[in-house]
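Structure first, then comments.
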Amino acid sequence: MKTKICIPITAKTTSQASAELKEAEKLTDLVELRIDYINGINEENLEKLLINKKGKVIITNRIKSENGKFKGSEKERMGLLKKAIELNADYIDIESSAGKEAINELIKIKNKTKIISSYHNFKETPSLKELEEIYNKIKELNPDLIKIVTFANSINDNFEIFKLLKNKNDLVSFCMGLRGQMSRILASKYGSCITFASLKKDKESAPGQISIEEMDDVYNASLIKPETKVLGVIGEFAENSKSKYMHNKGFKQKKLDFVYLPFKVKKEELKEFMENFRKLEFAGGAVTVPHKTGIINYLDEVDDTADKIGAVNTFINKGGRLIGYNTDYYGAVQALKEKTGLNGKKVLIIGAGGAARAVVYGLKKEDAEITIANRTSGKAEKLAKEFKVGFKEIKNMKELIAGNDIIINTTSVGMHPRPDDAVIKEDDLSEKLVMDIVSAPIITKLIRLAKKNNCDVITGDRMLVHQAIGQFRLWTGKEPDFKIMEKALLDNIER
Ligand code: ATR
């Protein structure tokens, strides 16, 4: 069965539900009417709703203890489900906890309606063994479809669900919560019969539900199939990464069968995540804070450049061997080259962290004359020694800046949630080329100050798009369409 994307309707009135049903039917061919959300729902209103349906409909009437909103008696609840069968609803959903007797009652009269028997766990994802037991227990009740939905407390919970889905053709299964989103997106890769997507951003019927617009426009979800290659960005706050917009647009435009997702992975989850990554033969990854160095422990090889930089922002799975690369340095250099040549240019690099290392490496290759300065001087001095470039203490920033042509901020200063910070003061700058690698927001305080002082500027999106181009080439071996990826980024970035 090809995975269907189902839009739940959570309107509070019959007329609103009817309007939303019409809207949803334009976007997908399966809609779930959460009749427990509808105030004063009765058989008459249910009939009004079902009589005009165009596509397939699931009728769900959840009680409070199952996180639903139905306030009536169990008899009334069952009565509405029976009425839905009488009205030829395509599916009805009944919790497995309703018991064998209740489910049998519905099965007996079901006619063409398919019965979904569901299990929800809003707290956690049980182990695979427990999930298999739950599946087998529900199977004994003889429903047409079994729905097992759990809460992901860790990204690794998704993999339990993928394993559970294996070799089953009557199962709807995914994880709720922000950390479970990957199982909603990859439902059609791993064989969940249905995945759910909200009609709009604020109309979710469960935590972590993604809007239908995002499913289609960002993840090309209806194109995902078992063979689709999976890529993603591994980061503690990967959900904030903008790269999903760029890469998925790029894949679609080049008709490449890849999907790129955020992998929200904490430091302590990385080991298990990478084991799962290998087991499921994902195609590769992007790496962001705080894993750019830690990831190296889980790769088989690191190319020479990434090794020198000491950080990996990209890796590919080459027949089971994971190989690390760094395209940040390339991104920084390309961003600068849009404005200027670099040979012999005097460049002040502020910061001495991982990002600074990539920028220093790239600029050194271009024969720029580099000076590193950092809040913690010792770190800048050490980095300068390692790369055999200049170092200065930050005593007088204005003087430091005056002796250079190009100023680059590689620190996180100015990034959300502190957009009013900058590494320099109002009158430190004049007529330089100023580059900020911070891209959220895109117009940082540094960029604003620079513009005010007649400087030419390079905003953080430039490095972001160029490093992504480098990644795209590594993963796919194809040349991406720069303009398409650039637009996808700019359309989704805060100004
Ligand atoms: P990344 O990998 O993103 O470069 P990092 O390795 O933690 O992250 O480095 C962060 C850089 O931003 C460092 O140079 C840090 O300065 P310190 O070495 O003094 O910590 C710099 N940084 C962070 N917050 C800063 C602030 N408020 N003022 C000045 N520099 C700051």
If I take R0 = 60 Å and measure r between the Cβ atoms of Lys379 and Glu132 in this structure, what FRET efficiency does the formula 1/(1 + (r/R0)^6) give, to the nearest 0.05? 0.70
Kirkwood Rh, the stretch 260-327, all Cα pairs: how many Å? 11.9 Å
Can you give the log10 of the normalised intensity I(q)/I(0) at q = 0.17, 0.24, 0.26 Å⁻¹, computed with Debye over equal Cα scatterers of the stretch 1-77? -0.62, -1.11, -1.24
Rounded Å value of the spacing that divides the Cα centres of the stretch 195-237 and the stretch 277-353: 27 Å
Listing Ser412, Ser117 by rising number of other beta-carbon atoms within 10 angstrom, fewest first, gives Ser412, Ser117
Convex hull over the alpha-carbon atoms of the stretch 49-174: what's its volume per residue in Å³? 117 Å³
What pairs in Lys110/Lys203; Lys345/Lys365; Lys385/Lys432; Lys271/Lys379; Lys2/Lys189 have C-alpha atoms more than 21 Å from each other? Lys110/Lys203; Lys385/Lys432; Lys271/Lys379
Contour minus Cα-Cα distance for Asn121 and Asp421 (0.36 nm per residue): 103.7 nm
If packing is taken as the average count of other Cβ atoms within 10 Å, what order do 295-307, 177-189 fall into, highest mean first? 177-189, 295-307
By what distance, in whole Å, do the Cα atoms of the stretch 285-364 stretch along each of the three principal axes, largest value first? 42, 23, 18
For the stretch 388-495 the translational diffusion coefficient, Stokes-Einstein from a Kirkwood Rh over Cα pairs at 20 °C and viscosity 1.002 mPa s, in µm²/s, is roughly 141 µm²/s
Mind pulling the angle between the C-alpha long axis of helix 128-139 and the longest principal axis of the chain? Nearest 10 degrees, somewhere in 0 to 90. 30 degrees
Can you run the Rg to Rh ratio on the stretch 299-344? Use alpha carbon positions and the Kirkwood inverse-distance Rh. 1.14
Pairwise centroid distance, computed over Cα atoms, of the stretch 465-495 with the stretch 103-147, Å: 43 Å
Counting Lys and Arg as +1 and Asp and Glu as -1, what is the net charge of the other residues whose Cβ lies under 10 Å from the Cβ of Pro290? +2
Just the number, please: Stokes-Einstein D of the chain in µm²/s, Kirkwood Rh from C-alpha pairs, 20 °C, 1.002 mPa s. 86 µm²/s
Tally Lys and Arg at +1 and Asp and Glu at -1 over the other residues with C-beta under 15 Å from the C-beta of Glu47: what net charge comes out? +1
How big is D, in µm² s⁻¹, for the stretch 206-276 by Stokes-Einstein at 20 °C and 1.002 mPa s if Rh is the Kirkwood radius over C-alpha pairs? 164 µm²/s
Cα extents of the stretch 105-194 along the principal axes, largest first, in whole Å, come to 41, 23, 22
If packing is taken as the average number of other Cβ atoms within 10 Å across a peptide's residues, how do 246-254, 127-135 rank, most packed first? 246-254, 127-135
Just round it to a whole percent: the fraction of Cα-Cα distances in the stretch 236-353 exceeding 18 Å. 60 percent
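Read-outs throughout are calculated quantities, based only on the coordinates presented, and are distinct from any laboratory measurement. Since the model is a prediction, treat every value here as computed from it, not as a measurement. Here the Cβ is made from the backbone with ideal geometry for all residues, glycine too, and neighbour counts use every protein chain on show.
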